[in-house]
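Every number here is computed from the coordinates shown, using simple stated rules; none is lab data. Since the model is a prediction, treat every value here as computed from it, not as a measurement. Please note: Cβ atoms are built from the backbone with ideal geometry, for glycine as well, and neighbour counts cover all protein chains shown.
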Amino acid sequence: MSDSELTRLSEHGSELEQSVLGSANEDRPGNAVRSAIIAQVVAEQRTLRHQRRALATLGVIACAAAAAFTLMQRRTAAPVILREEPHSSTAPSIPSSAPAPASAPSGASPFEPCTPLAIADGRNPLLDDFEDGDVRLPMIEHRAGQWFTFNDGTGSQRPKPGALFSATRIPGGRGASHFGLHNQGGKFSKWGANLSVELNPRRCYDASTYGGIEFWTRGRGEIRFVVEMTQVITEEFGGSCTRDCFDGHGKRIKLGPDFQHVVVRWEELHQEGFGPPVQFDARSLYAIKFSVQASQSPFDYWIDDVSFSPR
């Protein structure tokens, strides 16, 4: 309603119109009241903006502090070589009774303890006698692997790689032993074929309380007994090797028609030389395997009563 209409009603309107207009004028706040209300609203808005800015500043400070803390943790934490299911970022303690590691080959990197770690306590050296008929390691001293076969794909092998198999009855037995592992194969043209077991899959195994590994074997030709450290295994399988991997430490064994007892000491093991030199250390084991090079195929051999040997 315009000011002219309000003036007209106040001067010439009916008694009812003038009464209503007077009541409205009484209810309408004056200029001073309106100014006070506006000032209060402006002050409240300014306070709210200041609070929002303060909260945003605190958020930025908190994020910066968290980032700085994380960076310091990364810089000060010990390196973890094995990244699967880490239990601790600190290097495992080395028993004072552990043997001194073998001298490093020329150019070898210094030994770095690995994690996560399973440790043999030295009270039960048996790895597998196969008398239970299966190919799983007895679950003693934190060992939990299973025997398996694999090859370069250029020949046939029994047991077949990837297939489930069991221990085989030894014809005529071997004293009190009745079962062992029987590995056979035809001609291979690349690197050959293997029979292997991981000591505790995707974990580092400390067998430094022992002095080596012993077993019984018979067959024809030659096999190479190999102990693989995590440092020669690729990251895919829980190791730390990045190039020219799987050059494990081993020793060649001549076979014959009769079972022979073979004892391999840690200090007898050597790499073949196609991969980076790694100092052997029984605190960082991954797997053991019986390898047949292509030049030694066809092959046919038995393995029985595999165990760690005392120092």
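When only the Cβ of Lys, Arg, Asp and Glu is charged (+1, +1, -1, -1), the dipole of the stretch 199-311 relative to its Cα centre reaches about 80 debye. With a cut-off of at most 12 other beta carbons within 10 Å, and DSSP calling the residue loop, which GluC sites (Glu not before Pro) in the stretch 214-311 qualify? Please list them. Nothing satisfies the criteria. Label the stretch 111-163 by shape, choosing from rounded, prolate and oblate, from the square roots a ≥ b ≥ c of the eigenvalues of the Cα gyration tensor; if a/c is under 1.5 it is rounded, and otherwise prolate applies when a/b is larger than b/c, oblate when it is not. Judged from the Cα gyration tensor, the stretch 111-163 comes out oblate (a/c at least 1.5, b/c at or above a/b). Quick check: net charge around Asn151, other residues with Cβ under 10 Å of its Cβ, Lys/Arg +1 and Asp/Glu -1? Summing Lys/Arg as +1 and Asp/Glu as -1 gives +1.
Annotation for the stretch 156-201 versus the stretch 205-223: alpha-carbon center distance of 15 Å. Here the peptides 302-311, 157-166 are ranked by packing, the mean other Cβ count within 10 Å, and the order with the highest first is 302-311, 157-166. Of the chymotrypsin sites (Phe, Trp or Tyr not before Pro) found in the stretch 231-285, those in coil by DSSP whose Cβ has at most 14 other Cβ atoms within 10 Å are Phe274. A straight chain from Ser295 to Ser309 at 0.36 nm per residue would run longer than the Cα-Cα distance by 2.0 nm. The charge dipole of the stretch 117-309, taken about its Cα centre with unit charges on the Cβ atoms of Lys, Arg (+1), Asp and Glu (-1) only, comes to about 500 debye. Between Asp244 and Leu126, the modelled label-to-label distance comes to 4.2 nm, taking each label 7 Å out from Cα in the direction of the beta carbon.
Of the trypsin sites (Lys or Arg not before Pro) found in the stretch 226-273, the ones in coil according to DSSP and having at most 14 other Cβ atoms within 10 Å of their Cβ are Arg243. One decimal place: the segment Met139-Lys187 gains 13.7 nm when fully extended, by the rule 0.36 nm per residue minus the C-alpha distance.
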